[in-house]
Amino acid sequence: MNTDMIFKGTAPALVTPFTPAGDIDEAAFQQLIDDQISGGVAALVVLGTTGENPTISHTERRRLIDLAIAHTAKRVPVIVGSGTYNTQESITFSKEATAAGADGLLVVGPYYNKPTPAGYRAHFAAIADATDCPIIVYNVPGRTASNITADLLLELAALPTIVGVKEASGDLAQIADILRNRPEGFAVYAGDDEMAFPCIALGAEGVISVISNACPQPFSHMIQLALEGDFTAARAAHLAMLPAMRACFLESNPVPVKTVLAAGGKMHPTVRLPLVPMNQSSTASVLAAFEPFVAQVSA
């Protein structure tokens, strides 16, 4: 039987702040954590795609995890992205995060290798066998080139420590099938900010978010309204924030949201290659979309 869900509400997939020289900016990272918690988020996700995890070294991973867990100090759960396209490496990362005190693991479907359903089952079973930390499966076919179907996901949900899914397929029919047939206690989180409101209306427990990095309070409030069943107010807030949600993907995530955070003085806009800073035209569009929600920025 699955354990209790890790959180209900909004969990930002935290960006990783860098100095202009490209090193991790620990002070900005700690301030980001404080801002998110003050904004009402229910959990934090460290080392997700938004955290530029493919370009984070093993030593940096260990430091970021320790820093996040220590600075959060149990105020909200900390979930660590530990999945890769290498099962053994995913096991190593998962065991390290568990030993450090993570409250949960976010394990992406293997990317690039394109495993069969049998391969998916074996991959997730091997990770689940290696640690007792609760696991959220991350389905993002736009990045992995493979979709974890509803039927396959429901098979994975039978593994004792797999407690939820971050569903970023963008397929509302697939998400509805998961919600309709999931076992009791299995959490479904939208993996796209724009899909959060419709997913919650269907019964999902929340969202793992990009936009929350820049405006945690208004976005978390919208999610809470939806969870409380105030769909009229939540729908109005969702529609108002729609341009900002879409602006987060005007260029590759997390470049736009880091641009907004930099404009607000929260961190440098530095990203690591192969990502590059936004061009001037895109920057103006992104800041204009966020201006109603982030007081310090202006187009």
(message) I need every pair where a residue in segment 60-75 that is surrounded by fewer than 18 Cβ atoms within 10 Å (Cβ to Cβ) has its Cβ under 9 Å from the Cβ of a residue that is in a helix (DSSP H, G or I) and not acidic (Asp, Glu), sequence separation at least 6 or different chains.
(response) Arg62/Ala100; Asp66/Ala100; Leu67/Phe29; Leu67/Gln30; Leu67/Ile33; Arg75/Ile33; Arg75/Ile37
(message) Consider segment 31-48. How many of its residues are buried (at least 22 other Cβ atoms within 10 Å of the Cβ), in contact (Cβ under 8 Å) with a residue 40 or more places away in the chain and in a helix (DSSP H, G or I)?
(response) 2
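Can you name the helices (runs of 4 or more DSSP H) wholly within segment 214-299 that have at least 3 residues being among the polar types (S, T, N, Q)?
216-227, 280-290
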(request) Would you please name the residue that is least open to solvent (accessible area, probe 1.4 Å), looking only at residues in segment 91-123 that are closer than 20 Å to Ile175 by Cα and either acidic (Asp, Glu) or assigned to a helix (DSSP H, G or I) (or both)? (result) Tyr120
(request) All but one of (1) of a type in the set (Gly, Ala, Ser); (2) open to solvent by less than 50 Å² (accessible area, probe 1.4 Å); (3) over 17 Å from Ile208 (Cβ atoms) hold for Gly51, so report the exception by its number. (result) (3)
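Listed here are the residues, each with its yes/no results for (1) within 19 Å of Pro17 (Cβ to Cβ); (2) out of contact with any Asp or Glu (no Cβ under 9 Å at 6 or more places or on another chain); (3) crowded, with 16+ Cβ neighbours inside 10 Å.
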residue	(1), (2), (3)
Ala236	no, yes, no
Ala262	yes, yes, yes
Met267	yes, no, yes
Val271	yes, no, yes
Val286	yes, no, yes
Glu291	no, yes, yes
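The values are calculated or read from the model by the stated rules, or taken from the named source; none is laboratory data. Predicted, not measured: the structure shown is a model, and the values here were computed from it. Every residue, glycine among them, receives a Cβ derived from its backbone with ideal geometry; neighbour counts consider all protein chains shown. When the accessible area is computed, the model is the full protein with side chains, heavy atoms only, and any ligands, DNA or RNA have been set aside. Shrake-Rupley method; radii C 1.70, N 1.55, O 1.52, S 1.80 Å.
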